[in-house]
Structure formats: C-alpha cells, structure tokens
1. Listed highest first by mean packing, meaning other Cβ atoms within 10 Å per residue, what order do 44-51, 32-39, 61-68 come in?
2. Given Cβ point charges of +1 (Lys, Arg) and -1 (Asp, Glu) and nothing else, what value in debye, to the nearest 20, does the dipole of the chain about its Cα centre take?
3. With the full set of protein chains in place, find how many percent of the accessible area of the range 1-67 is carbon and sulfur; take the probe as 1.4 Å.
4. Taking 0.36 nm per intervening residue step and subtracting the Cα-Cα distance, what contour gain separates ASP64 from TYR5 on full extension?
5. Among residues other than GLU23 whose Cβ falls under 13 Å from its Cβ, what is the net charge (Lys/Arg +1, Asp/Glu -1)?
6. With the contact rule set at Cα under 8 Å and sequence spacing of 6 or more, what percent relative contact order holds for the chain?
7. Give the long-range amide H neighbours of ALA44: residues separated by 5 or more places, or on another chain, with amide H under 5 Å away, using H modelled in the peptide plane at 1.01 Å from N.
8. Pop out the ³J(HN,Hα) list for the range 47-61 in order, Karplus 6.51 cos²θ - 1.76 cosθ + 1.60 with θ = phi - 60°, rounded to Hz; leave Gly and Pro as x.
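The values are calculated or read from the model by the stated rules, or taken from the named source; none is laboratory data. Treat the numbers as computed from the prediction; the structure is a model and nothing was measured. Don't worry about glycine lacking a Cβ; one is built from the backbone with ideal geometry, like all the others, and counts go over all protein chains shown. These accessible areas exclude ligands, DNA and RNA; they are computed on the full protein's heavy atoms, side chains included. Shrake-Rupley method; radii C 1.70, N 1.55, O 1.52, S 1.80 Å.
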Amino acid sequence: MKAHYQDPAQIKRRRIEAGLTQEGLAQLAGASKAHISMVERGIAGASAPLLGRLATAFGCEVADLMPPVAEAATA
C-alpha cells in the first residue's frame with residue numbers, strides 16, 4: 001500500500017526538463033538530495049509543504065505532480 005500520493009515519474013521528468021540535478025532541486029525545495037532521490041523512486045512521500053515547494057521550483061501546480069485521476073482512483 002502506498003503511503004504517498006505524488007507521481008514519482010512526474011517529479012523526475014519535470015526535474016530533468018528543468019535542467020536540475022537532484023541536489024539542485026533539493027536546494028531549491030529545502031530538502032535533502034537523499035529525500036528527493038527517494039521521492040523520485042517512490043520509496044518516500046513528499047509532504048504537502050514540500051510538494052508546494054517542488055511545484056514552485058518547476059513553475060507548475062501541485063496537481064501537476066499527482067498521478068492521473070484514473071490511476072489515483074485505483075491505488
């Protein structure tokens with residue numbers, strides 16, 4: 001059972017598209033590189049405040065970091 005609701009692949013894709021390393025994103029979002037790595041691999045979840053900071057770093061909405069609605073409904 002997943003304890004988190006963000007889409008790890010979406011976070012990683014947006015980070016790469018933004019030209020950021022995990023360390024660079026961690027600095028922007030006020031998190032550790034290790035935590036960003038775990039979030040991207042689906043091992044750890046991101047808190048609501050961290051999701052907000054990630055969305056700000058990517059210039060998107062928090063909802064853009066979530067899985068599609070159909071996928072979320074089956075989780």
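1. On the way: 44-51: 15.9, 32-39: 17.8, 61-68: 13.9.
Result, highest mean first: 32-39, 44-51, 61-68.
2. Working: 8 positive and 7 negative charges, 40 e Å.
Dipole about the Cα centre, nearest 20: 200 debye.
3. Result for the range 1-67: 56 percent of the exposed heavy-atom area is carbon or sulfur.
4. 20.1 nm
5. Details: positive: ARG15, LYS33; negative: GLU40.
Counting the neighbours of GLU23, the net charge comes to +1.
6. Working: 75 pairs, mean separation 30.0, N = 75.
It rounds to 40 percent for the chain.
7. Amide H to amide H, under 5 Å and 5 or more residues apart or across chains, ALA44 pairs with VAL39.
8. 5, 4, x, 5, 4, x, 5, 5, 4, 4, 4, 8, x, 9, 8
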